[in-house]
Each structure stands twice: as structure tokens, then as C-alpha cells.
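What follows is a set of notes on a single structure, which appears directly below.
Quick note: the coordinates plus some simple rules give every number you see, no bench work behind them. Just so we're clear, the structure is a prediction, and the values are computed from it rather than from any experiment. Using ideal geometry, Cβ is built from the backbone for each residue, glycine included, and neighbour counts are taken over all protein chains shown.
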Amino acid sequence: MIDVCNIQVMKPLLAEHGFHFSKAKGQNFLIAQWVPQQIAEDSGVDATVGVLEIGPGIGPLTQQLCLRAKKVCAVELDTRLKPILKMTVGEFENLEIIWDDVLKQDVAELVKDKFAGLRPVACANLPYYITSPILSALLEAECFEAVTVMVQKEVALRIAAKPGTADYSAFTVFCQFYAEPELLFDVPAHCFLPQPKVTSAVVTLRTRMERPWEILDQATFFRTVKASFAMRRKKLQNGLAAGFPELGKEGAGEVIATCGLPENVRGETLGIEAFAAIANEIYRRKRND
Ligand code: SAM
């Protein structure tokens with residue numbers, strides 16, 4: 001197996017194919033072998049698993065996943081990588097590459113089609129310019145046991161943040177609604193070529209099999225979360241009134257009181273259970289109007 005993380009091997013390989021890194025496609029390739037090994041190990045991949053990988057690049061993580069999984073399906077946008085991936089991962093019979101934009105895929109359909117009878121997981125060193133849309137698509141597909149990704153450390157901290165902290169955001173609630181995150185380890189910039197300007201981190205999101213809150217209407221729930229974070233450090237009442245003009249300031253105050261929350265509560269201090277209670281109350285009022 002070609003050691004694609006070895007820079008002495010990789011540079012001539014890329015030069016041979018006239019390959020130049022595309023910043024626009026978020027191409028920062030791993031050059032430290034321990035990183036893809038650790039990601040593949042921590043993602044819980046074994047012979048019962050089908051893995052969706054996003055952006056194989058020249059294949060360091062792909063190799064590690066193919067060594068462990070029953071099947072790997074990798075989606076890569078940049079077709080210039082075809083001849084290189086043929087050399088680095090062409091030997092694996094359990095690998096299928098889809099040459100397309102991952103955001104154009106129906107992820108749930110793809111998983112159903114490719115991983116019948118297997119435990120589906122997703123695993124990737126994500127292109128950072130589209131971290132949020134990719135992660136959203138993976139979680140919303142609601143078909144993976146776990147999603148293990150390398151992202152900018154700042155994003156990893158947001159994904160795993162607790163209520164009331166600076167990193168806690170609407171994106172935190174979105175991720176934690178679907179899954180329970182665990183920060184795994186940091187990856188310094190020198191582990192990549194070219195080096196990104198930021199530290200990276202690997203995070204795993206284990207899908208919740210059962211959600212411990214009752215949510216009457218998911219659209220109202222996410223609208224509530226968005227409205228609650230839209231005016232940070234302002235009273236929740238103002239955020240809800242702006243996000244739900246039909247409620248008005250008075251109605252927003254009544255919702256907050258009905259949920260047993262203090263009048264001056266701020267949205268960024270609330271956990272998912274409280275957002276669920278608020279959203280349910282708003283939804284009930286709408287239905288009774
Ligand atoms: N997995 C490789 C590694 O760890 O060295 C490469 C990771 S690199 C950060 C991100 C990869 O995602 C690149 O290969 C890039 O071409 C690919 N990519 C970028 N945008 C994409 C998209 N919309 N759909 C699929 N792949 C994409």
C-alpha cells in the first residue's frame with residue numbers, strides 16, 4: 001500500500017499528474033499517518049460497517065477505512081484526483097468512488113442503496129468551506145449510527161458546547177438535537193499539506209436513537225432556536241418577538257412565563273429541553289388561533 005502521508009512519496013506523485021491544490025475546494029491533505037489511523041479507529045469502523053467518506057483527496061483516510069470496513073463509498077468532487085486515487089486505493093475491492101458534489105447527493109437514498117445489511121457510518125476530513133452544509137445533510141439524513149469528522153477546532157467546540165458558554169450557538173442545538181457529540185483529539189496545522197491557518201479537531205456525533213424531548217413540530221422548534229440566538233445577550237422575549245412577529249412582544253412574554261422561565265431569561269442559556277417547551281407552546285398557540 002502506498003504511504004500517501006509520506007511527503008517524499010506524495011509530492012512526486014502529485015507532480016507526476018500535474019496536480020495543484022485547490023484552495024476553493026478546501027484541499028488540505030493529511031501528511032501525518034497517525035491522524036487517518038486514529039480517525040478510522042475512533043470512528044468504530046469494523047467488518048459490519050458501511051462507511052460514507054466525503055472528499056477522499058489522495059486517499060489517506062480512505063486506505064484506513066478500506067482496511068477496516070466491509071464497504072466504503074467515497075464522494076469526491078475533484079476529478080483531477082482520479083489517476084492518483086487509482087494508484088493509492090485502486091487495490092481495494094470494497095471501495096466505490098462517486099465523482100460528484102456531496103451536496104447534490106440524496107444521502108439517505110445513497111446509504112440505502114450502497115449499504116444494505118450494514119451499519120452505516122460517515123467519516124471524513126471535511127472541506128472546511130462547506131462544513132456546516134455537509135454536516136447538516138449528514139445529520140438530517142438520519143441514517144448513520146455515527147458521524148466522525150475532522151473540522152476546524154473552533155467548529156468542533158461549537159458542536160460540543162454547553163448552554164451558557166461562548167461557543168453555544170444555534171448550530172450546537174441543531175447538532176445535539178440529532179446526536180451526542182464527543183470531542184476526540186486535536187490535529188495541529190503541520191499535519192496537513194498545505195498547512196491550514198487553524199488548528200483542527202476530530203469530533204464524533206453518535207446519533208440519538210431516542211430523543212429525550214417531545215417536539216410537536218420540528219419546523220417550529222428550529223425556528224424557535226434560530227430566533228433565540230439571533231439577538232445574543234438580549235432578552236429571549238425580544239428574540240422570540242422578532243422571530244415570530246405573529247406573537248408580538250406580549251405573546252412572547254406569555255410563552256416564556258407559561259414555560260416557567262424567568263421574564264429576563266436569555267436564549268443562549270437554555271438547553272434543548274427548554275427550547276422544545278417554548279416551541280411546543282408557540283405551536284399550540286398557533287393551532288388555537
Ligand atoms: N481526505 C483527504 C485527506 O484527509 O487528506 C482530503 C481532505 S480535504 C480537507 C477535502 C476533500 O474534499 C478534497 O479532496 C476536496 O477535493 C473534496 N471536496 C471539496 N468539496 C467537495 C464537495 N462539494 N463534494 C465532495 N468532495 C469535495
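What does the C-alpha gyration tensor say about the overall shape of the range 180-231? Classify as rounded when a/c is under 1.5, otherwise prolate if a/b is larger than b/c, or oblate.
Values: a/c = 4.39, a/b = 1.98, b/c = 2.22.
Verdict is oblate for the range 180-231.
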*Would you please give the FRET efficiency between Leu216 and Leu67, computed as 1/(1 + (r/R0)^6) with r the Cβ-Cβ distance and R0 = 51 Å, to the nearest 0.05?*
0.65
*Segment Lys286-Glu254, extension gain: residue separation times 0.36 nm, minus the distance between their alpha carbons*: 10.2 nm
_Difference of contour (0.36 nm per residue) and Cα-Cα distance, Lys226 to Ser22_ = 70.1 nm
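If Lys and Arg each add +1 and Asp and Glu each add -1, what is the summed charge of the other residues whose beta carbon sits under 12 Å from the beta carbon of Ala40?
On the way: positive: Arg68; negative: Glu41, Asp42, Asp46, Glu53.
Overall, the nearby charge balance is -3.
Please sort by residue number the GluC sites (Glu not before Pro) in the range 240-289 whose DSSP state is loop and whose Cβ has at most 14 other Cβ atoms within 10 Å.
Working: sites: Glu246, Glu250, Glu254, Glu263, Glu268, Glu273, Glu281; in loops: Glu246, Glu263.
Taking the range 240-289 and a limit of 14 other Cβ atoms within 10 Å, the loop GluC sites (Glu not before Pro) found are Glu246, Glu263.
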_Whole-angstrom gap from the range 29-101 to the range 180-258, using each part's C-alpha centre_ = 31 Å
_Over the chain: helical MRE at 222 nm, DSSP H runs n ≥ 4 each giving -39500 (n - 2.57), nearest 500_ = -12000 deg cm²/dmol
*Stretched out fully, how many nm does the piece from Thr48 to Glu182 gain, at 0.36 nm a residue minus the Cα gap?*
46.0 nm
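Convex hull over the alpha-carbon atoms of the chain: what's its volume per residue in Å³?
131 Å³
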*Read phi for every residue in the range 157-164 and hand back ³J(HN,Hα) as whole Hz from Karplus 6.51 cos²θ - 1.76 cosθ + 1.60, θ = phi - 60°, with x for Gly and Pro.*
5, 5, 4, 9, 5, 9, x, x
*In percent, what relative contact order does the chain have, based on Cα pairs under 8 Å that are 6 or more apart in sequence?*
15 percent
*Hey, any idea what the orientation-averaged projected area of the convex hull of the range 1-160's Cα atoms comes to, in nm²?*
8.7 nm²
*asked:* Using C-alpha positions alone, give me the convex hull volume of the range 235-289 per residue in cubic angstrom.
replied: 68 Å³
_Could you tell me which residue out of Ala279, Thr204, Gln63 lies farthest along the dipole of the chain toward its positive end? Charges go on the beta carbon: Lys and Arg +1, Asp and Glu -1, centred on the Cα centre._
Ala279
*Determine the dipole magnitude for the range 173-289: charges of +1 sit on the beta-carbon of Lys and Arg, -1 on that of Asp and Glu, nothing else is charged, the reference point is the Cα centre, and the result goes in debye to the nearest 20.*
360 debye
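Looking at this model, which pairs from Lys23/Lys70; Lys114/Lys226; Lys11/Lys114; Lys104/Lys226; Lys25/Lys112 are more than 30 angstrom apart at the alpha-carbon? Please list the in-between numbers first.
Numbers: Lys23/Lys70 32 Å; Lys114/Lys226 35 Å; Lys11/Lys114 33 Å; Lys104/Lys226 25 Å; Lys25/Lys112 27 Å.
With Cα atoms farther than 30 Å apart: Lys23/Lys70; Lys114/Lys226; Lys11/Lys114.
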